[in-house]
Ligand code: G6P
């Protein structure tokens, strides 16, 4: 068994679901995807990624991707249902996103979630060399840190939650709240996107576990669990290279031409998920058309939804509602050859996505709740000059950092309409100042800065952080 000094444990492996195990595996990239976030930091020294391959059945032996080793965790059909679709995505996901859809509490799912978390932990324990660091990702694997601490007291354990951590009154609804909190606090360092999450966890640790909880450290069982905010980011340098590629630049020009060179082009890109506020956005846009404040001959909305969790009923229902609403809006307001909304429900390649970001006048990112939202950051980084406007929900983690965006409460449809209009008619000089500030911020706070901040907090000797490449030394 090959062992590594750094092990990442995440629900998904960073490979295409369809990649053949013949050395042709590609990094899996999707908007908002976790794999993309870690891409840049795992190529320097051998590391192992433990994760699920996306299907059911026996685990495959997968070839390395460069210096990254892959260890696949298999799931059976009942496990897929109880762990992934059930406890992770029908209980925790909606609860952690302000219960915008009602969380389902099913007692059977818990046992499966616990058993699958144990399998992930055992695999990680096997591939970690003595004194290694194991970095556990996201809400699917919240029990893994505690299990690992029992299995391998010699390793450093990090946990990072990519989604929001809810306010105590919501978390308290969880039937297995104490075990879940204790599971996560098995780590040496628990990282979140926003500072409020660390505050919520400190309060809960005091209440449920009798711990002494501060916002940056929780004393529990005679040890200290450090906590803090480490807002995740994107590979800005990679996005800049991509955005200068002739294919992307030409494609952006073509899109502008096809959409109508004189029109205001609004663009939204989301995983098709009820947390993304797609229905609220459609309502706002449709009312602007109804009120005559936006005219189809002057503006167009391009709504890309990337298919997600398609076997789950709540996602199928959402898709049907969105498609019905887009059809209604186009039926009522469209003209021949001139729809009000272009709706694309399909996976998008990185280059085409970047072209779309460049073609936009206004990027509309209005989730009802979002851990970070990397699409907002990608839009800013993909622009080649200081044009463009970003409308951003204040309920996305990105709103803490991209404070020069047009911030909006997406629940307030009138406010959303107003903000869309303001963004569409903003003075180019004001937009240039806003975009320049956001672009500058992102250059400093890219994915490398995130990884370096987290890993140096996890391992205070500074050794782990040395794995993160320096910006200037990177290949362009
Ligand atoms: C969110 C989660 C990630 C997850 C992604 C895609 O961004 O935080 O952990 O990988 O959604 O969802 P999926 O269910 O397809 O993995």
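The values are calculated or read from the model by the stated rules, or taken from the named source; none is laboratory data. Note that the coordinates shown come from a computational prediction; the quantities given were computed from them, not determined experimentally. All Cβ positions, glycine included, derive from the backbone under ideal geometry; neighbour counts span all protein chains shown.
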Can you tell me which of 215, 235 is under 30 Å from residue 170 (Cα atoms) and touching a helix residue (DSSP H, G or I) at 6+ places or on another chain (Cβ under 7 Å)? 215
Read through the list (1) within 25 Å of the chain's Cα centre (by Cα); (2) closer than 22 Å to residue 74 by Cα; (3) surrounded by fewer than 24 Cβ atoms within 10 Å (Cβ to Cβ), then give the number of the only condition that residue 136 fails. (3)
Mind checking whether some residue in segment 84-97 is touching a helix residue (DSSP H, G or I) at 6+ places or on another chain (Cβ under 7 Å), surrounded by 15 or more Cβ atoms within 10 Å (Cβ to Cβ) and over 17 Å from residue 138 (Cβ atoms)? no
If I ask for residues that are more than 14 Å from residue 338 (Cα to Cα) and outside any helix (DSSP H, G or I), which ones from segment 241-270 would you list? 245, 266, 267, 268, 269, 270
Pick from segment 113-144 the residues that are assigned to a helix (DSSP H, G or I) and within 16 Å of the ligand (Cβ to nearest atom): which of them is farthest from residue 466 (Cα to Cα)? 113
Of all helices (runs of 4 or more DSSP H) completely enclosed by segment 333-430, which ones contain at least 2 residues that are within 22 Å of residue 164 (Cα to Cα)? 374-382
Return the residues of segment 386-422 that are crowded, with 23+ Cβ neighbours inside 10 Å and farther than 26 Å from residue 230 by Cα; say none if nothing qualifies. 388, 416, 419, 420
Taking the criterion of being in contact (Cβ under 8 Å) with a residue 12 or more places away in the chain and under 18 Å from residue 311 (Cα atoms), would at least one residue in segment 110-128 satisfy it? no
Taking the condition under 18 Å from residue 144 (Cβ atoms), at pLDDT 90 or above and surrounded by fewer than 21 Cβ atoms within 10 Å (Cβ to Cβ), does residue 70 pass? yes
Matching residues in segment 163-190 - criterion: being within 16 Å of the ligand (Cβ to nearest atom) and under 20 Å from residue 459 (Cα atoms): 184, 190
Could you list, ordered by first residue, the pairs with Cβ atoms under 8 Å in which the first is in segment 5-22 and part of a strand (DSSP E or B) and the second is surrounded by fewer than 24 Cβ atoms within 10 Å (Cβ to Cβ) and at pLDDT below 55, at least 6 apart or interchain? 15/25; 15/26; 15/27
Quick one: is residue 62 surrounded by 18 or more Cβ atoms within 10 Å (Cβ to Cβ), in a loop (DSSP other than H, G, I, E, B), within 16 Å of the ligand (Cβ to nearest atom) and modelled with pLDDT of 70 or more? no
Does residue 104 fit the bill of being closer than 13 Å to residue 183 by Cα and not in a helix (DSSP H, G or I)? no
Among (1) in a helix (DSSP H, G or I); (2) touching a strand residue (DSSP E or B) at 6+ places or on another chain (Cβ under 9 Å), which single condition is residue 79 missing? (2)
